[in-house]
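K.L.:
Before I ask anything, here is the structure I am working with.
Quick note: the coordinates plus some simple rules give every number you see, no bench work behind them. Just so it is clear, the model here is predicted, and its values are computed rather than measured. Neighbour counts are summed over all protein chains in view; Cβ atoms, including those assigned to glycine, are modelled from backbone coordinates with ideal geometry.
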């Protein structure tokens, strides 16, 4: 192990040891599957620009990426459409409200202020150039897998749990559609 890699590994181990016992927060209870994930899982991984990997503890568990996908999809939208187009349609400002707030839309003429909240993420997905929803999904999945340098897979269990509890998000998608702020069939 190189000197620099040893230093990074030591800092990572210190951080891991310091915070592994932190019991603040809770699993998302509004998504049944996520509520059932063992809350004692804890892992830390680092990949250098040269591909060196350092892993600590529960890094092989297949965690649901959830809102991390918002950032990945934003990357694809930026690559396809450019920053100006994405910014003009979605924005890049914090809402100051919860990630699933309808009020944030209402306060800004139904325009999502950021791709990092649910309404903005839906609008971002709708910007992905595709012939239909399946092709859009495949492009997003391929881009996410490329960023992760690993196959990102849909968990049927997580998906089913999400699909049975997403009425609020569906309502936001229809609100976006009614104000021409979503750019494909919701």
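K.L.:
Classify the range 127-186 as rounded, prolate or oblate, taking a ≥ b ≥ c as the square roots of the eigenvalues of its Cα gyration tensor: rounded when a/c is under 1.5, otherwise prolate if a/b is larger than b/c and oblate if not.
P.N.:
Oblate.
K.L.:
While we're here: What percent do you get for the relative contact order of the chain when only Cα pairs under 8 Å and 6+ apart count?
P.N.:
It comes to 19 percent, rounded to a whole number.
K.L.:
In deg cm²/dmol and to the nearest 500, what is the mean residue ellipticity at 222 nm of the chain if only DSSP H runs of at least 4 residues count, each as -39500 (n - 2.57), divided by the residue total?
P.N.:
-14500 deg cm²/dmol
K.L.:
Give me the extension gain from residue 107 to residue 55: residue separation times 0.36 nm, minus the current Cα-Cα distance, reported in nm with one decimal.
P.N.:
Between residue 107 and residue 55, full extension yields 14.3 nm more.
K.L.:
So the label point goes 7 Å from the Cα of residue 45 along Cα→C-beta, right? Which residues of the range 145-162 then have their backbone N under 16 Å from it?
P.N.:
145-155
K.L.:
If I build a Gaussian network model for the chain, linking alpha-carbon pairs within less than 10 angstrom, which residue out of 44, 34, 105 has the largest mean-square fluctuation?
P.N.:
Among 44, 34, 105, the largest GNM mean-square fluctuation belongs to 44.
K.L.:
Using only Cα atoms and rounding to the nearest 10 degrees, what angle (0 to 90) does helix 133-148 make with the longest principal axis of the chain?
P.N.:
30
K.L.:
Can you tell me the orientation of helix 167-178 relative to the chain, as the angle in degrees between its alpha-carbon axis and the longest Cα principal axis, to the nearest 10?
P.N.:
50
K.L.:
Among 4, 42, what is the fewest-to-most ranking by other Cβ atoms within 10 Å?
P.N.:
If I rank by nearby Cβ atoms, fewest first, I get 4, 42.
K.L.:
If you stretched the chain out fully between residue 13 and residue 133, how much longer would it get, using 0.36 nm times the residue separation minus the C-alpha to C-alpha distance?
P.N.:
38.9 nm
K.L.:
Answer rounded, prolate or oblate for the range 49-120, using the Cα gyration tensor with square roots of eigenvalues a ≥ b ≥ c: rounded when a/c is under 1.5, else prolate when a/b is larger than b/c, else oblate.
P.N.:
Oblate, since a/c reaches 1.5 and b/c is not below a/b.
K.L.:
Top mean-square fluctuation among 172, 72, 12, Gaussian network model of the chain, C-alpha springs under 10 Å?
P.N.:
Comparing 172, 72, 12 in the GNM, the peak value goes to 12.
K.L.:
Could you identify which residue out of 25, 43, 75 has the top mean-square fluctuation in a GNM of the chain using Cα springs shorter than 10 Å?
P.N.:
Looking only at 25, 43, 75, the largest GNM fluctuation is found for 25.
K.L.:
Any idea how far the Cα center of the range 157-186 sits from the one of the range 33-93, in Å?
P.N.:
Measuring centre to centre over Cα atoms gives 21 Å.
K.L.:
Can you give me the angle between helix 3-19 and the longest principal axis of the chain, using Cα atoms only, in degrees from 0 to 90, rounded to the nearest 10?
P.N.:
70
K.L.:
Let me ask something else about it. Please report, to two decimal places, log10 I(q)/I(0) for the range 86-186 at q = 0.10, 0.13, 0.15, 0.23 Å⁻¹ as given by the Debye formula with identical point scatterers on the Cα atoms and no solvent.
P.N.:
Results for the range 86-186 at q = 0.10, 0.13, 0.15, 0.23 Å⁻¹ read -0.29, -0.50, -0.66, -1.28.
K.L.:
Then there's this: Please report the relative contact order for the range 89-145, taking Cα pairs under 8 Å with a sequence separation of at least 6, and give it as a percent rounded to a whole number.
P.N.:
This gives 27 percent for the range 89-145.
K.L.:
When only C-alpha pairs under 8 Å and at least 6 residues apart count, what is the relative contact order of the range 1-69, in percent?
P.N.:
Answer for the range 1-69 is 22 percent.
K.L.:
Among rounded, prolate and oblate, which fits the range 1-124 when a ≥ b ≥ c are the square roots of the eigenvalues of its C-alpha gyration tensor, a/c under 1.5 means rounded, and a/b larger than b/c means prolate?
P.N.:
oblate
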